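Enquirer: Please see the structure below; I have some questions.
The values are calculated or read from the model by the stated rules, or taken from the named source; none is laboratory data. Everything numeric in this text was worked out from a predicted model, so none of it was measured. Here Cβ is always computed from backbone atoms with ideal geometry, including for glycine, and neighbour counts include all displayed protein chains. Areas reflect the complete protein model, heavy atoms only, side chains present, ligands, DNA and RNA absent. Shrake-Rupley method; radii C 1.70, N 1.55, O 1.52, S 1.80 Å.
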Amino acid sequence: MQTLTVEAVDPRSDEAFRRWFSVLTAAHPVDQPHLPPPVLTEARDDAPPPDDPYDRWHHLVAVAGGESVGAARIELTSDSPNLAYFELVVRPDQRRRGIGSALLAGVESWVLGSGRAVALSETRRPFQDEREGGAGPDGGAAFAERHGYRAGPVSVLRTLDLPVAEQRLAAADPGPVPGYRVVTWTDRCPEELLEARAALNTEMSTDDPAAGTHRQAEVWDGARVRAYEDRSISHGRRKLCAGAVHERTGELVAATVIAGVGAQRTHVHQWGTVVGRKHRGHRLGMLVKVANLRHLASAWPEARQISSWNGDANASMIAINAALGYRVVGDGTDWEKVLGSSPSVGERVRR
Ligand SMILES: CC(C)(COP(=O)(O)OP(=O)(O)OC[C@H]1O[C@@H](n2cnc3c(N)ncnc32)[C@H](O)[C@@H]1OP(=O)(O)O)[C@@H](O)C(=O)NCCC(=O)NCCS
């Protein structure tokens, strides 16, 4: 039997990072066939710099017989000082040999060493066909349960073929909405809307039903929005954004983002859509999403498909996506485990 080791990876070392990334590439067609393959530069450049004030990532690789057979990435954020989020994947031809369990032990031990007591992850299932609910067996869920993780909220993956016919967009478009005007921008939020954009991010972090019981509100200000924008731009991720401005106050009260990577933006991603609490009920969510799909058609006409994750309890967003023609292609479950059992750790968890 070959020796299995679990090693830390320095993302700045090109060779080590390629070995880690090779596991993601091998697993992608099996685990996430409806999404475009991972991009090496994006995975590497996404890692926050060592002195980043908000986020810290740690990469682990499982090696057997000189080959990379498993990969994990742990993400810590300053907002929730008790939590660690991780992704963990084993090469499909190496599964059911204990590699995932060994890697998970390495993840949990590192998380505890970092002073955090709650580990969160996500498992995903591609659907076998286009019928909702046609998913295959969920090996990731069996693995998570086996290791004492508790199932949390479920999210659903949907895709929409592009371009969306103008007739469909016109039918879905609630605009103009009296009292509000639509704005669009690319990559960097206009300066006069920046602080309101940050406030919307904070609201979104507490709204998300997938946020889990231990997650705390994110604290956003304009400087943090700019830091994320700059990091994205520097590694080739572009963002098309649309928002709604409340005309009386001049404040940005709704926003939505479509992200694309590299020069070939044939598949793009729908990111967060948020409407400020005081401005809900005016169909601003649909207003900004339709505006951004039109923005997408003119800015990136090469886009052929867009994907979107929604919490399965997020009825309003699901209704918007259904009206736009999105179809279900997979789902995912959040998992959570309290790792520490000492009284001091328990105390930190409860807060
Ligand atoms: C989930 C995953 C990491 C498991 O890796 P692995 O190396 O096969 O895991 P192990 O061999 O250590 O499995 C440990 C136990 O988990 C359970 N398990 C793992 N895969 C399973 C499957 N497909 N069906 C049922 N049980 C499974 C079993 O109890 C297994 O023990 P056994 O083989 O003695 O019956 C791997 O299938 C994978 O990469 N999936 C895609 C990504 C993912 O879901 N990650 C999990 C994040 S929490």
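Enquirer: Once you keep just the Cα pairs under 8 angstrom separated by 6 or more residues, what percentage relative contact order results for the chain?
Expert: Relative contact order of the chain: 22 percent.
Enquirer: With the full set of protein chains in place, find how many percent of the accessible area of region 160-332 is carbon and sulfur; take the probe as 1.4 Å.
Expert: Carbon-and-sulfur percentage of accessible area, whole number: 52.
Enquirer: Count the net charge of all other residues whose Cβ sits under 12 Å from the Cβ of residue 2, scoring Lys and Arg as +1 and Asp and Glu as -1.
Expert: Local net charge: 0.
Enquirer: Once label points are set 7 Å from the Cα along Cα→Cβ at both residue 51 and residue 259, what is their separation, rounded to one decimal in nm?
Expert: 2.5
Enquirer: Which of 286, 234, 189 sits farthest toward the positive end of the charge dipole of the chain, with +1 on the Cβ of Lys and Arg and -1 on the Cβ of Asp and Glu?
Expert: Farthest towards the positive end: 286.
Enquirer: Compute the separation of the alpha-carbon centres of region 31-47 and region 94-131 and state it in Å as a whole number.
Expert: 18
Enquirer: Now, a different point. If you place +1 on the Cβ of every Lys and Arg, -1 on the Cβ of every Asp and Glu, and leave all else neutral, what size is the dipole of region 1-120 about its Cα centre, to the nearest 20 Debye?
Expert: Its charge dipole is roughly 520 debye.
Enquirer: Students often forget the sequence filter, so: which aspartates and glutamates lie under 18 Å Cα-Cα from residue 278 once same-chain residues fewer than 8 apart are removed?
Expert: Within the straight-line limit of under 18 Å, residue 278 reaches these aspartates and glutamates: 195, 203, 207, 208, 247, 251.
Enquirer: For the chain, with a Gaussian network of springs between Cα atoms less than 10 Å apart, report the residue from 37, 29, 176 with the top mean-square fluctuation.
Expert: The residue that fluctuates most here is 176.
Enquirer: Another question, then. Put a dot 7 Å past each Cα toward the Cβ at residue 67 and residue 8; how far apart are the dots in nm?
Expert: 2.8
Enquirer: Please compute the net charge surrounding residue 55, taking Lys and Arg as +1 and Asp and Glu as -1 over other residues with Cβ under 12 Å from its Cβ.
Expert: -2
Enquirer: Let me ask you something else. Can you pull the one-decimal nm distance between simple spin-label points at residue 278 and residue 192, each 7 Å off the Cα toward Cβ?
Expert: Calculated label separation equals 1.9 nm.
Enquirer: Quick check: from the Cα gyration tensor, does region 253-300 come out rounded (a/c under 1.5), prolate or oblate?
Expert: prolate
Enquirer: Report the net charge of residues surrounding residue 154, where surrounding means a beta-carbon distance below 9 angstrom and charges are Lys +1, Arg +1, Asp -1, Glu -1.
Expert: Cβ neighbours under 9 Å give a net charge of -3.
Enquirer: Let me ask something else about it. Hey, can you find the accessible area per residue of region 160-332 for me, probe 1.4 Å, expressed in square angstrom?
Expert: Accessible area per residue, region 160-332: 45 Å².
Enquirer: Springs between alpha-carbon atoms under 10 Å, Gaussian network over the chain: tell me which of 316, 307, 121 tops the mean-square fluctuations.
Expert: 316
Enquirer: Moving on to the next point. Quick one: check the C-alpha center-to-center distance for region 135-166 versus region 179-253, whole angstrom.
Expert: 26
Enquirer: While we're on this one: Considering the chain as a Gaussian network with a 10 Å cut-off on Cα pairs, which listed residue, 185, 309, 335, attains the greatest mean-square fluctuation?
Expert: In the Gaussian network model the winner is 185.
Enquirer: Let me ask another. Which of 101, 127, 268 sits closest to the plus end of the dipole of the chain, meaning its Cα is farthest towards the positive end, when Lys and Arg get +1 and Asp and Glu get -1 on the C-beta?
Expert: The residue sitting most towards the positive pole is 127.
Enquirer: OK, next. Taking just the C-alpha trace of region 213-294, give me its Rg and Dmax in Å.
Expert: Cα-based Rg and Dmax for region 213-294 come out at 14.4, 40 Å.
Enquirer: Once a ≥ b ≥ c are taken as the square roots of the eigenvalues of the Cα gyration tensor of region 160-332, is the result rounded (a/c under 1.5), prolate (a/b larger than b/c) or oblate (a/b not larger than b/c)?
Expert: Rounded, since a/c falls under 1.5.
Enquirer: Then there is this: Taking only Cα atoms, what is the 0 to 90° angle, nearest 10, from helix 14-31's long axis to the longest principal axis of the chain?
Expert: Compared with the principal axis, the helix lies near 70 degrees.
Enquirer: Taking N as the number of residues in the chain, what is its Cα Rg relative to 2.2 N^0.38 Å?
Expert: 1.02
Enquirer: Using the Cα centre as the reference, give the magnitude of the dipole from point charges on the C-beta atoms of region 160-332 (Lys, Arg: +1; Asp, Glu: -1; all else neutral), rounded to the nearest 20 debye.
Expert: That gives region 160-332 a dipole magnitude of about 200 debye.
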